[in-house]
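This report refers to the structure that appears directly beneath it.
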Amino acid sequence: MILFEVFDLKKYYGDRLILNLPELRIYSGDKIGIVGENGAGKTTLMDLLAGEAEPDRGVVKRNGSFSYLRQFSGETKQDFSRAPREFLPKDRLSHSRLSGGEQTRRNLDNAFAQNSSLFLADEPTSNLDSAGIKLLTQKLKALDSLIIISHDRQLLDTVCNRILELREGTVTEYTGNYSAYAQQKKAERKLAETEYKQYSEERERLSKAIVQTKEKARSIRKAPRRMGNSEARLHKRASAEIQEKLHGSTRAIESRLERLEKKEKPRETPQIQLDFSLTNPPENKIVITCRSLSFGYGENQLFQNASFEIKNHTRTAVIAENGMGKTTLFQLISEPHSAIRLVPKVKLGYFRQNFEHLNSEKSVLENAMQNSVQPENTVRTILARLLFRGEAVHKKAAVLSGGEKIKLSLAQLLVSDANVLLLDEPTNYLDIPSIEAMQSLLSYYPGVLLFVSHDQQFVNSVANRLLILKNKKILSFDGNLESYEQQILTPKPHPASADKMVLEMRLTRILSELSLPGANRDALEEEYQQVQKQLNKLKSEKSR
């Protein structure tokens with residue numbers, strides 16, 4: 001059954017064509033992931049499909065019901081008070097202060113309560129803790145049809161069977177999950193590099209041939225002075241014939257050069273060198289100290305006699321379940337609370353997703369430069385690393401997407417005089433290339449960094465220290481999340497449990513490989529059946 005049909009869809013922002021989609025069909029059973037750089041038009045496409053925006057041209061035909069979980073969505077006007085609460089318990093629903101993760105949980109409960117034939121969601125994992133992401137993944141796997149925008153690579157791998165990539169206004173479809181898409185993109189880049197190398201070599205060869213042929217034509221000597229008139233005429237005629245042939249060869253080579261299909265050079269990542277001395281960083285070994293912190297909202301006590309220290313030159317991730325006080329802790333550090341002491345040289349830079357420091361009438365570059373202590377060339381390089389390239393630095397902040405505003409806000413902090421950064425969910429609403437760019441930037445940040453993120457890969461790449469909020473206390477751990485889970489959370493498995501884990505990992509690998517182009521499906525399906533039998537055998541032995 002066809003759920004959505006799109007014909008000749010076009011959408012403009014001013015005179016800029018943001019989306020050009022000649023045709024698209026979405027069938028029952030499709031589980032589609034939409035990917036692309038921030039500002040490419042992902043949310044615009046979703047709004048057009050859902051009827052939340054009108055196209056400038058074209059038609060969207062909808063069959064059946066659908067629910068739509070929007071980006072930056074607030075409380076819905078519909079009454080879902082009697083809906084099942086799988087993500088957010090009813091006792092938390094009545095609280096006046098909900099964390100960002102709890103708000104997402106509430107909105108997910110409301111969206112799933114609609115029981116529609118097609119589920120649309122724009123960044124549904126934003127602010128969710130690992131338990132929430134796990135529950136969401138299970139719910140999405142159980143659905144028949146869906147379209148999601150997500151920066152969570154693991155979610156796209158587990159749930160999707162089609163990927164739509166938006167790039168420069170066009171939509172390209174890829175079969176399979178995100179890993180299959182990434183593999184195809186890698187092959188495309190390798191081919192582009194090869195084609196560019198071949199083009200450059202051929203262009204250089206033809207250019208040299210033109211120069212050599214012209215020089216040869218100029219080197220044809222005139223007739224010697226002592227040569228007779230008849231001999232001179234013969235020499236002149238022969239020389240003219242040779243020059244004409246050489247000129248003809250030159251024109252032929254120039255024509256080949258003109259017809260040579262131009263290949264663009266694949267983009268290279270610009271290198272950044274921040275001059276951190278311009279921020280007057282503190283030299284103390286400990287830059288933030290907390291002793292006996294107690295704080296809460298009414299009966300909801302978040303911290304009780306909690307203590308911690310933040311060492312200089314560390315990148316610390318704050319880890320906790322939704323509603324345990326991560327954002328509150330950042331607010332208490334920035335105020336600061338009487339139990340929290342900052343050394344005198346600390347200059348806080350606090351990233352929150354309210355974009356309060358952006359001037360909507362100024363350009364990207366002007367916003368980034370307004371409080372910068374770094375030179376303009378460094379600012380431009382940072383913007384380029386965050387995928388503001390070329391003319392994009394001259395776009396007004398008012399027309400930026402949510403993800404682009406996040407990247408610009410981060411760029412403002414990185415080039416400011418702040419030497420201690422507090423980043424509250426900096427990866428929310430970012431595209432995957434932007435997350436990878438941010439990982440690279442922050443992994444080498446020379447100052448003090450505290451951040452909250454539920455993106456496990458991001459935490460493992462950036463953090464070298466953890467603060468774990470648990471049981472109203474704040475625990476410290478030297479290392480990243482992967483190390484913490486291995487040393488603290490992972491119990492030594494019973495031999496049977498270990499076998500089960502290995503078999504389940506094999507099943508995951510097989511399912512992933514089945515989505516790849518050119519996969520040997522018969523062999524993989526046979527292996528799948530064998531592994532499933534072994535798993536069933538283990539389960540039956542355990543139940544005896």
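The values are calculated or read from the model by the stated rules, or taken from the named source; none is laboratory data. Here the structure is a predicted model, which means the values were calculated and not measured. Backbone-built Cβ (ideal geometry, glycine too); neighbour counts: all protein chains shown. Surface areas here come from the heavy atoms of the whole protein model, side chains and all, with no ligands, DNA or RNA. Shrake-Rupley method; radii C 1.70, N 1.55, O 1.52, S 1.80 Å.
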Checklist entry - Full extension from THR508 to LEU260: what is 0.36 nm times the residue separation minus their Cα-Cα distance, to one decimal in nm? => result 84.7 nm
Checklist entry - In degrees from 0 to 90, rounded to the nearest 10, what is the angle of the helix 402-414 Cα long axis to the longest principal axis of the chain? => result 90
Checklist entry - Straight-line reach from LYS214: which lysines have Cα under 30 Å away, leaving out those fewer than 8 places along the same chain? => result LYS197, LYS222, LYS236, LYS245, LYS262, LYS263, LYS265
Item to check | Nearby aspartates and glutamates by direct alpha-carbon distance to LYS216 (threshold 17 angstrom, same-chain neighbours under 8 apart not counted) | outcome: GLU241, GLU244, GLU254
Checklist entry - Summing Lys, Arg as +1 and Asp, Glu as -1, what charge do residues with Cβ under 13 Å from the Cβ of LYS407 carry, LYS407 excluded? => result 0
Next on the checklist: Greater than 31 Å separation of Cα atoms is the criterion. Which listed pairs, LYS61/LYS141; LYS326/LYS500; LYS134/LYS190; LYS139/LYS500, meet it?
Outcome noted: LYS326/LYS500; LYS134/LYS190
Checklist entry - For the stretch 447-488 and the stretch 281-323, what is the separation of their C-alpha centers, rounded to whole Å? => result 13
Checklist entry - Using modelled amide H (1.01 Å from N, peptide plane; none on Pro or chain starts), what sits under 5 Å from the amide H of HIS313, excluding residues fewer than 5 places away? => result VAL448
Checklist entry - Pairing the Cα long axis of helix 521-543 with the longest principal axis of the chain, what angle in degrees results, from 0 to 90 and rounded to the nearest 10? => result 10
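Residue separation times 0.36 nm, minus the C-alpha to C-alpha distance between GLU526 and ASN115: what's the value? Walk me through the intermediate numbers first.
Working: separation 411, 0.36 × 411 = 147.96 nm, distance 3.51 nm.
Going from the current span to full extension adds 144.5 nm.
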Next on the checklist: If you count only protein heavy atoms with a 1.4 Å probe, what accessible area per residue comes out for the chain, rounded to a whole Å²?
Outcome noted: 54
Checklist entry - Can you give the Rg to Rh ratio of the stretch 140-191, both from alpha-carbon atoms, with Rh computed by the Kirkwood formula? => result 0.99
Item to check | Approximate spin-label separation LYS533-ASP478, in nm, with each point projected 7 Å along Cα-to-Cβ | outcome: 5.1
Next on the checklist: For the pair GLU436/SER28, report the inter-label distance in nm, with labels modelled 7 Å from Cα in the Cβ direction.
Outcome noted: 3.8
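How big is the Rg/Rh ratio for the chain, C-alpha atoms only, Rh by Kirkwood, two decimals? The partial results should precede the final answer.
On the way: Rg = 30.4 Å, Rh = 27.6 Å.
Radius of gyration over Kirkwood radius for the chain works out to 1.10.
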Item to check | lysines with Cα under 28 Å of LYS362, excluding same-chain neighbours fewer than 8 positions away | outcome: LYS10, LYS11, LYS42, LYS347, LYS395, LYS396, LYS405, LYS407
Checklist entry - Under the Karplus relation 6.51 cos²θ - 1.76 cosθ + 1.60, θ = phi - 60°, what is the ordered set of whole-Hz ³J(HN,Hα) values for the stretch 50-65, x standing for Gly and Pro? => result 7, x, 7, 9, 9, x, 6, 7, x, 9, 10, 9, 10, 10, x, 8
Next on the checklist: Skipping prolines and chain starts, which residues have an amide H placed within reach, meaning under 5 Å, of the one on LEU3, given they are 5 or more residues away or on another chain?
Outcome noted: ILE26, TYR27, SER28
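Calculated FRET efficiency, LEU143 and LYS285, Cβ-Cβ r, R0 41 Å, to nearest 0.05?
Working: r = 52 Å, r/R0 = 1.26.
Rounded to the nearest 0.05, the efficiency is 0.20.
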Item to check | Under Karplus coefficients 6.51, -1.76 and 1.60, residue-wise ³J(HN,Hα) of the stretch 344-353 in Hz, glycine/proline x | outcome: x, 7, 5, 10, 7, x, 10, 8, 10, 8
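Can you tell me the order of 335-346, 444-455 when each peptide is scored by its average per-residue count of other Cβ atoms within 10 angstrom, highest first? Don't jump to the answer; show the numbers that get you there.
Working: 335-346: 14.4, 444-455: 20.7.
The densest-packed peptide leads the list: 444-455, 335-346.
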Item to check | Contour minus Cα-Cα distance for ASN464 and LYS345 (0.36 nm per residue) | outcome: 40.6 nm
Next on the checklist: Could you tell me how far the Cα centroid of the stretch 17-70 sits from the Cα centroid of the stretch 375-438, in Å?
Outcome noted: 26
Checklist entry - Residues with beta-carbon under 13 Å from that of THR328, excluding THR328: net charge, scoring Lys, Arg +1 and Asp, Glu -1? => result +1
Checklist entry - What angle, in degrees between 0 and 90 and rounded to the nearest 10, separates the Cα long axis of helix 432-443 from the longest principal axis of the Cα atoms of the chain? => result 80
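With runs of 4+ DSSP H residues as the only contributors, calculate the mean residue ellipticity of the chain at 222 nm using -39,500 (n - 2.57) per run, divided by the residue total and rounded to the nearest 500. Please list the in-between numbers first.
Details: 16 runs with 222 residues, N = 544.
Only helices count here, giving -13000 deg cm²/dmol.
Sort the following peptides by mean Cβ neighbour count (other Cβ atoms within 10 Å, averaged over residues), highest first: 478-485, 364-371, 54-61, 147-154. Let's see the in-between values first.
On the way: 478-485: 16.2, 364-371: 19.8, 54-61: 13.1, 147-154: 23.2.
Averaged packing, sorted descending, gives the order 147-154, 364-371, 478-485, 54-61.
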Checklist outcome for this item: Here the net charge surrounding GLU37, from other residues whose Cβ is less than 11 Å away from its Cβ (Lys, Arg +1; Asp, Glu -1), is 0
